[in-house]
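The structure appears below as structure tokens.
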Amino acid sequence: MLKVTIDNILIEVEEGTTILQAARMIGGKVVPPAMCYYTSLKGSGGKCRSCLVKVAKGSAKDPRPIPKLVASCSTPVQDGMVVENTISAEVQEARKGVVEFLLINHPLDCPVCDQAGECDLQDLSYGFGMEETNTREPRREYPVVDIGPLIKLHMNRCIHCYRCVLAAEQLTKKRAHGMLYRGDTIEISTFIRTAIDSDFSGNMIDVCPVGALTDRSFRFKSRVWFLNPMDAHRECSHCSGKVAAWMFGNEIYRITGRKDTFGELEEFICNECRFEKKDISDWVIEGPRKIKRQSVISGNHYEQMKKGSIIHPIEGTTEPQE
Amino acid sequence: MGRAILLDKVNIPGIRAFEVYREHGGYKPAGKALLGMTPAQVQQEVIKSGLRGRGGAGFPTGLKWSFLDRKSDKPRYLVCNADESEPGTFKDRYLMEKLPHLLIEGLILSSYALGVKTCYIYIRGEFKYLVGILETAIHEAKKNNYLGEKILGTDFSLEIYVHPGAGAYICGEETALLESLEGKRGNPRIKPPFPAYKGLYDCPTVVNNVETLATVTSIISMGGDAYSKLGIGKSTGTKLMSACGNINKPGVYEIEMGLPVEDFIYSEEYCGGIKNDRMLKAVIPGGSSVPILPADLILNTAKGQPRLLTYESLAEGEFISGSMLGSGGFIVFDENACIVRNTWNLTRFYRHESCGQCSPCREGTGWMEKILYRIEHGQGRMSDIDLLVRIAKNIEGNTICPLGDAAAWPVASAIRHFRKEFEEHIK
Ligand SMILES: Cc1cc2nc3c(=O)[nH]c(=O)nc-3n(C[C@H](O)[C@H](O)[C@H](O)COP(=O)(O)O)c2cc1C
Ligand code: SF4
């Protein structure tokens, strides 16, 4: 077991654990945001740079600090390592820089974007974005395309995390899309404009941290925070059949995979479950999913505010509770 | 000064041919090493020589070789980085064109030292004409039993393959190069793991620059100790400098490390002074990625010492008043050169060449280019200057590979030393 200290909290982890995984074991505020890393996708991570942290002490053996900030998602823990995330001003500054970079070409179309309310970039911007933009340059623009009958691609919103590319590569039999071009002109595209056609392609929507890939069967049907996400399951011959059913009254508006606290799917689900089973009789509804209290989705009061939420009368703020 | 070690044979007519090269002492070092030295001894000579990587970073070559995972039972690879695409750098091309056998011999010696049986030369796509030259040299060496099975009757066998890239600067970054060599998109890998453990096809791999590997031939020929006596301090030996810009004699020169920059620019032996007797304005001493220095700081350090062509002297003053030797691409600007235009031009290059994988470089290079375009075209705002400094700072050190730094430094240094010029463009 290796000992690592993150923001003054000591934890023991197994060899091979990354800093991000160790931080997730601690949980709470010390967890760096991750836009491109995805535990179940091999080779993901390292790209978005929003999880940068400072290694103030390399290891017990070699206590020198690492001169540059490191991507916590792809840096393995060493025994005796000391990591700074929220307590390092340098890290916070760098993260603000990264968020600014992610936003300079991202359209501010949250009001009409289906992802609003469950968008990782939106959360990141609330945390680290600036109030005013410093850029006067026009944003890059791409046409909106249908990649097959089920998925819509808004390349304008893409932050190039590569998750969908990896998902397509690792979940589907025939890899049909990837990254084209270079630099700030790179874009996700299907090869030679073919449609994406695979039993598991819908998971690309779930792994997309922003609104670049959206579910064509759900587009503009409802804001996510008007819906109640319920755990539901069915017998399925392709996947586990365990899903989240997003309901309004007795109607199912959409089906997604079940996401954990870090926004990652617990299991990938098949397209039949996702796109074809929209009737309540298709599913056994288990009950409401646990949603973070901070999420706008829980603002719909479908889950009672827990006892123990302290309201500070003076600041008028609510202590966040998990 | 002016001692030629790499280029001593360059003017011999027909030196590209195996026979001529051998008549003039070529392949003697290879014979000496394969028949009379152990691989460890060859590596020891390279360590003793103090040779540092000529591809830009100046990392000690012997030390890099000692990192190679020798416990693994996978095959090991040596990859020669001939992707030379940095603006201002054109020394490897010259070396390969003029003295292909010097490189092949260096590859044989290095492979022998490293226990490598397969070696790749990854060559920039635009250097198509060199592929034929190198392949002819490989063919000749093979015919004469310096390559192939059981070289010179020993147990050592080696194959060398030339692999042309598709013309991307980023494929010069060693891990992007390996991806490209594997047939994938040339995106740099996230390190660790380093190539010494997981390189080409996940096997232990050493990547070295053309000049570095060619120099191994000279080191075995003259001995590591003798080589280390050339140069100054930790900058041993000689270095190829590719000089260009507003000088009388642009070209590739071999210098002994420690030559004063002033001599290099003004002596007849090298650059021959500034064209049309104009004044020197600035120099980018090590290829487009290193900080630019104004005339007074390139000739003398901030402490008033003469600036020398060594890794240490050029770096003195760090980023406040220094630069780097880098790959030796020496770009000279005279008094009429426009620093803003030049900086814009460089950002245009980095914007185009960024692989687009990580956010700071992908977005930052494009943003800087757009702002510099505006300034150069009369639409700048005073606040843009500080914004550029901030963008450069947010890129630097926060990216996957050093291309981000390479894009940030030219902008940051140009503003640091020539801020007035930017302001005048905006006013
Ligand atoms: C963007 C980028 C481009 C590079 N291009 C080259 C190149 O064209 N040739 C080269 O030898 N090294 C290049 N390098 C350096 C290589 O990554 C690597 O350090 C070098 O090949 C190691 O060889 P050396 O130790 O012999 O210098 C580049 C690095 C970066 C970050
Ligand atoms: S720094 Fe630039 S070139 Fe290097 S990996 Fe990141 S985006 Fe690609």
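The values are calculated or read from the model by the stated rules, or taken from the named source; none is laboratory data. Model, not experiment: these values are computed from the prediction. As a convention, Cβ positions derive from the backbone with ideal geometry for all residues, glycine included, and neighbour counts pool all protein chains shown. Note: accessible area is taken over every heavy atom of the protein model, side chains too, but ligands, DNA and RNA are not part of it. Shrake-Rupley method; radii C 1.70, N 1.55, O 1.52, S 1.80 Å.
Miscellaneous remarks
- Options A:ALA94, A:ALA89, A:ALA116, A:ALA167; residue that is free of Cβ contacts under 8 Å to residues at least 60 places away in the same chain and more than 10 Å from every other protein chain (Cβ to nearest Cβ): A:ALA89
- Taking every residue in segment B:344-365 that is among the aliphatic types (A, V, I, L, M) and more than 9 Å from ligand 2 (Cβ to nearest atom) and pairing it with any residue that is open to solvent by 20 Å² or more (accessible area, probe 1.4 Å) and not in a helix (DSSP H, G or I), at least 6 positions away or on another chain, the pairs with Cβ-Cβ distances below 9 Å are B:LEU346/B:PRO87.
- Screening B:GLY378 with (1) farther than 21 Å from A:PRO138 by Cβ; (2) more than 10 Å from chain A (Cβ to nearest Cβ) gives one miss only, at (1).
- Scan of segment B:196-210 for residues that are in a loop (DSSP other than H, G, I, E, B) and either farther than 12 Å from B:PHE67 by Cα or free of Cβ contacts under 8 Å to residues at least 24 places away in the same chain (or both), ordered by number: B:LYS198, B:GLY199, B:CYS203
- Members of segment A:146-156 that are surrounded by 15 or more Cβ atoms within 10 Å (Cβ to Cβ) and out of contact with any helix residue (DSSP H, G or I) (no Cβ under 7 Å at 6 or more places or on another chain): A:ILE147, A:GLY148, A:LYS152, A:LEU153, A:HIS154, A:MET155, A:ASN156
- Residue identified as in contact (Cβ under 8 Å) with a residue 12 or more places away in the chain and within 16 Å of ligand 2 (Cβ to nearest atom) among B:GLU135, B:GLU126, B:GLU159, B:GLU174: B:GLU174
- Subset of segment B:338-385 (residues that are polar (S, T, N, Q), part of a helix (DSSP H, G or I) and either within 16 Å of ligand 1 (Cβ to nearest atom) or crowded, with 19+ Cβ neighbours inside 10 Å (or both)): B:ASN342, B:THR343, B:THR347, B:SER359, B:THR365
- A:VAL70 being over 19 Å from the mean Cα position of the chain (by Cα) and touching a residue at least 12 places away in the same chain (Cβ under 8 Å): yes
- Some residue of segment B:81-89 being β-branched (Val, Ile, Thr) and under 21 Å from B:ILE284 (Cβ atoms): yes
- Considering segment A:27-37, and only residues there that are part of a loop (DSSP other than H, G, I, E, B) and more than 14 Å from chain B (Cβ to nearest Cβ), the residue that is surrounded by the fewest Cβ atoms within 10 Å (Cβ to Cβ) turns out to be A:GLY27.
- From the options A:GLY127, A:GLY117, residue that is of a type in the set (Gly, Ala, Ser), open to solvent by 10 Å² or more (accessible area, probe 1.4 Å) and either in contact with a strand residue (DSSP E or B) (Cβ under 9 Å, 6 or more places away or on another chain) or farther than 19 Å from B:ASN394 by Cβ (or both): A:GLY117
- Scanning segment B:229-259 for residues that are over 20 Å from the mean Cα position of the chain (by Cα) and outside any loop (DSSP other than H, G, I, E, B) returns B:LYS229, B:ILE247.
- Failed item, numbered, when B:ARG185 is tested on (1) more than 10 Å from ligand 1 (Cβ to nearest atom); (2) touching a strand residue (DSSP E or B) at 6+ places or on another chain (Cβ under 6 Å): (2)
- Given (1) farther than 13 Å from B:SER288 by Cα; (2) touching a residue at least 60 places away in the same chain (Cβ under 8 Å); (3) not assigned by TED's automatic domain parsing to the domain that holds B:SER288, index of the condition B:PHE319 fails: (3)
- Within segment A:157-179, considering residues that are assigned to a loop (DSSP other than H, G, I, E, B) and open to solvent by 50 Å² or more (accessible area, probe 1.4 Å), the one modelled with the highest pLDDT: A:LYS173
- Selection within segment A:66-85 - more than 13 Å from every other protein chain (Cβ to nearest Cβ) and surrounded by 16 or more Cβ atoms within 10 Å (Cβ to Cβ): A:GLY80, A:MET81, A:VAL82, A:VAL83, A:GLU84, A:ASN85
- Test: residue in segment B:290-298 that is touching a Pro at 6+ places or on another chain (Cβ under 7 Å), over 22 Å from B:LEU403 (Cα atoms) and part of a helix (DSSP H, G or I): yes
- Some residue of segment B:294-311 being within 16 Å of ligand 2 (Cβ to nearest atom), out of contact with any strand residue (DSSP E or B) (no Cβ under 7 Å at 6 or more places or on another chain) and not charged (D, E, K, R): no
- Test result for B:LYS184, more than 21 Å from the chain's Cα centre (by Cα), surrounded by fewer than 23 Cβ atoms within 10 Å (Cβ to Cβ), within 16 Å of ligand 2 (Cβ to nearest atom) and not aliphatic (A, V, I, L, M): yes
- Criterion violated by B:ALA196 - all others in (1) over 20 Å from B:GLY115 (Cβ atoms); (2) away from ligand 2 (no atom under 15 Å from the Cβ) satisfied: (1)
- Matching residues in segment A:2-26 - criterion: being at positive phi and open to solvent by less than 20 Å² (accessible area, probe 1.4 Å): A:ASP7
- Any hit, segment B:228-240, residues being without any contact (Cβ under 8 Å) to a residue 12 or more places away in the chain and either of a type in the set (Phe, Trp, Tyr) or more than 25 Å from B:MET324 (Cβ to Cβ) (or both): no
- Residue that is nearest to ligand 2 (Cβ to nearest atom) [pool: residues in segment B:318-335 that are crowded, with 22+ Cβ neighbours inside 10 Å and among the hydroxyl-bearing types (Ser, Thr, Tyr)]: B:SER327
- Scope segment A:50-65; condition more than 11 Å from chain B (Cβ to nearest Cβ), crowded, with 16+ Cβ neighbours inside 10 Å and assigned to a loop (DSSP other than H, G, I, E, B); matching residues: A:CYS51, A:SER59
- Test: residue in segment B:402-411 that is touching a Gly at 6+ places or on another chain (Cβ under 9 Å), within 16 Å of ligand 2 (Cβ to nearest atom), open to solvent by 20 Å² or more (accessible area, probe 1.4 Å) and touching a residue at least 24 places away in the same chain (Cβ under 8 Å): yes
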